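The values are calculated or read from the model by the stated rules, or taken from the named source; none is laboratory data. On a predicted model such as this, the values are computed, not experimentally measured, just so you know. When we count neighbours, we look across all protein chains shown, and the Cβ atoms used for this are built from the backbone with ideal geometry, even at glycine. Keep in mind that these areas ignore ligands, DNA and RNA; they rest on the heavy atoms of the full protein, side chains included. Shrake-Rupley method; radii C 1.70, N 1.55, O 1.52, S 1.80 Å.
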Amino acid sequence: MNITILGVGAIGSLWACYLHNAGHHVSLWSRDTAPSISLSFAQQAPIQFSANQISDMNNADLVIVAVKAWQVEQALLPIIPHLKKGCCVLFTHNGMGAVDPLLAQLSEHPVLFATTTHGALIDNQSKIQHTGQGQTTVGALNERGALLSSQIVPMLDHALAPVSWDDNIQQALWNKLAINCCINPLTAIHNCRNGELAQSETLTLIQALCVEISKVMTAEGLTCDSDALFAKSQQVIQATSANFSSMHQDIQHQRRTEIDYITGYLLQRAKAQQILTPYNQTLYQQIKQKEAQQ
Ligand code: PAF
């Protein structure tokens, strides 16, 4: 397949290398205009990718949009006119709400979303490290996307397994959003690793967050039990105890965070459903204050 990856952060680069190794013709699209980008991955010799070429975009069968939620619209809008008929667009990022404004413009294309638990980072020698073996769930954001499940899933699974299909991707995205609402803002506010949230004071607060999140999810027609969500958040805290969350890293590096697409999205839906969410609201404001101080 001809695949173009938009965004050369850790996850975009990881997919680029695995898809290249699986024999696909992979090109990259970044914020600059360099005609080629070299990526160093694991023990392999650096891989040279064609980059930022309109011809690659014209020929792409699949475009993977792997930029942060707040970059999605700005990054994709100029590219849409260059996509060939039938080119599939697959989004992968933390949070929700970023793709909604683009769906009408992508109505002629199959549109998918992939949520992944793989851990990846680009180390201080610019090497891509696959730090945590995870799994990827793919689902359709439009009807054309749903028709592609039997082609896309085996192709991605061959490159970086396991990849599975979920007919209800909204539920999967909300489940991930709920966990991110519980962990990410608190680690950024307390400047701590995920594992340090397992203290009685913080646990009481996470419980209160879970009650609010579960009310919003239920009102949105999704399944969410607050006790089960709390138990899941504890599992993730334990399993990732040594990690710094993505929001913690963004604040530490003085980068814009994904709060508007994580807690911010929850607050938007809560408002639409007329549900009060004061605990989540407070965390949202605290993160916005930290961003403003940068
Ligand atoms: O955003 C993150 O960092 C991760 O999704 C999670 C699950 C909170 C683990 O660090």
Exercise. Can you tell me which residues in region 98-121 are within 11 Å of the ligand (Cβ to nearest atom) and in a loop (DSSP other than H, G, I, E, B)?
Worked result: Thr117, His118
Exercise. How many residues does region 172-191 hold that are out of contact with any strand residue (DSSP E or B) (no Cβ under 8 Å at 6 or more places or on another chain) and within 12 Å of the ligand (Cβ to nearest atom)?
Worked result: 13
Exercise. Would a scan of region 100-108 turn up a residue that is surrounded by 15 or more Cβ atoms within 10 Å (Cβ to Cβ), under 15 Å from the mean Cα position of the chain (by Cα) and assigned by TED's automatic domain parsing to the domain that holds Trp29?
Worked result: no
Exercise. Val26: closer than 20 Å to Gln151 by Cβ, at pLDDT 95 or above and among the β-branched types (Val, Ile, Thr), yes or no?
Worked result: yes
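One line per residue, one yes/no per condition, for (1) of a type in the set (A, V, I, L, M); (2) open to solvent by less than 40 Å² (accessible area, probe 1.4 Å); (3) not assigned by TED's automatic domain parsing to the domain that holds Gly132:
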site: Asn194; (1), (2), (3): no, yes, yes
site: Ile206; (1), (2), (3): yes, yes, yes
site: Gly221; (1), (2), (3): no, no, yes
site: Gln235; (1), (2), (3): no, no, yes
site: Ile275; (1), (2), (3): yes, yes, yes
Problem set entry | Top-ranked residue in region 237-257 [being near the ligand (Cβ under 8 Å from one of its atoms) and open to solvent by less than 50 Å² (accessible area, probe 1.4 Å); ranked as farthest from Thr187 (Cα to Cα)] | Thr240
Exercise. Consider Ala292 against the criteria (1) open to solvent by 80 Å² or more (accessible area, probe 1.4 Å); (2) within 13 Å of the ligand (Cβ to nearest atom); (3) not aromatic (Phe, Trp, Tyr): it satisfies all of them except one. Which criterion is unmet?
Worked result: (2)
